[in-house]
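Here the structure is laid out as structure tokens; the discussion comes afterwards.
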């Protein structure tokens, strides 16, 4: 149920419960008329009829209250309201008849409750309908008076006045009720607009807070991740420059290998930051082309460097020989996951890459390791940007916390999904599912904010 429907339902319930209270006033009137009407001046059925109508109204009022309290939707309340209106009309007009002690008795004003209630409920149409009921009742009552009281002639002018006033009451009250409903609807519309604006402002504030946190994380991470390799490169280059003559060839090779490793680390970090910036802007393009799966996976593993020897590749015999995909982006996804698996798993364990079909239109790549596993509370957070920012200074494995974020964004942009299952102390398995035919999009949309992801 929408908020507007909820408000309309609540208003309808309040209206019906308010009318329940007013209906008890009509019950009290019926009791008073039944007690005060001189029975010796009227037919024998009049007073019992008055009591019966009053009792029926009281019982009906209790039933209306009980039904309104139990109602769970607007249509139910409206049906109850229609039944209550017909009950009120029947009782009000019946009491008018039962309370007529003489032709001059002004009790006919009670009949105006019918057009009043009709107008309050249904606007001008309800008011006119109530006035028509009152007019028919008064016409019949005039005929009854003329037949009951000797010498009484039908008062056409009085009848016209009463009926005319009933229609005036119904139309005027209905028009006012309709105007009031329109004003209420406009007020609710303005309230909804204000709520939407408030929600937008709250989302904007959350986004700004998220960006502020991202900025802080970015500064903390990049300063740490850049400082470490730069310090190593600077230190070893300075040593080579000052002590080259004192170093053996083996030491020079070791220093150069360290410099190469640290510059590669810097290159990966800069590339990750560039990819993230383009992801955030929604400007990362994809170019799908036929890719031979077997050679492609072999190239990905060879690109791991020293970790190549730790990877076991298994290909399902039913795996398609070729898929249409952006090979560069898929290679980045698999490289990130394989690097993570090798990084966190013990050195004497193997990393398994399994490629298999996933239904008739997709392929799946599973990367499994025997590492420490991921706590259940962390599963939903490991794909967030800079997730490792809170433990930068304490974790043993380096990294900016961007790899898994990039992995998820690239995978989803290619129309795929990435999931993870993990048992603490036993290891983790990441599953990437990619369609064999790429989606129509050639660029990736900007990622959702934290508020959208939690919503």
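The values are calculated or read from the model by the stated rules, or taken from the named source; none is laboratory data. Just so we're clear, the structure is a prediction, and the values are computed from it rather than from any experiment. Using ideal geometry, Cβ is built from the backbone for each residue, glycine included, and neighbour counts are taken over all protein chains shown.
Return the only residue of 296, 218, 286 being within 30 Å of residue 320 (Cα to Cα), surrounded by 13 or more Cβ atoms within 10 Å (Cβ to Cβ), at pLDDT below 85 and in contact with a helix residue (DSSP H, G or I) (Cβ under 9 Å, 6 or more places away or on another chain). Residue meeting the stated conditions: 286.
When residues in segment 423-455 are screened for being modelled with pLDDT of 85 or more and in contact with a helix residue (DSSP H, G or I) (Cβ under 7 Å, 6 or more places away or on another chain), 3 of them pass.
Is it the case that segment 184-197 has a residue that's assigned to a helix (DSSP H, G or I), touching a helix residue (DSSP H, G or I) at 6+ places or on another chain (Cβ under 7 Å) and farther than 29 Å from residue 117 by Cβ?
Within segment 184-197, one or more residues are assigned to a helix (DSSP H, G or I), touching a helix residue (DSSP H, G or I) at 6+ places or on another chain (Cβ under 7 Å) and farther than 29 Å from residue 117 by Cβ.
Which of (1) within 19 Å of residue 435 (Cβ to Cβ); (2) surrounded by fewer than 14 Cβ atoms within 10 Å (Cβ to Cβ); (3) in contact (Cβ under 8 Å) with a residue 24 or more places away in the chain does residue 360 not meet, given it meets every other one? Result: residue 360 fails condition (3) only. Only one of the numbered conditions (1) in the same structural domain as residue 438 (by TED's automatic domain parsing); (2) assigned to a helix (DSSP H, G or I); (3) touching a helix residue (DSSP H, G or I) at 6+ places or on another chain (Cβ under 8 Å) is not met by residue 276, and that is (1).
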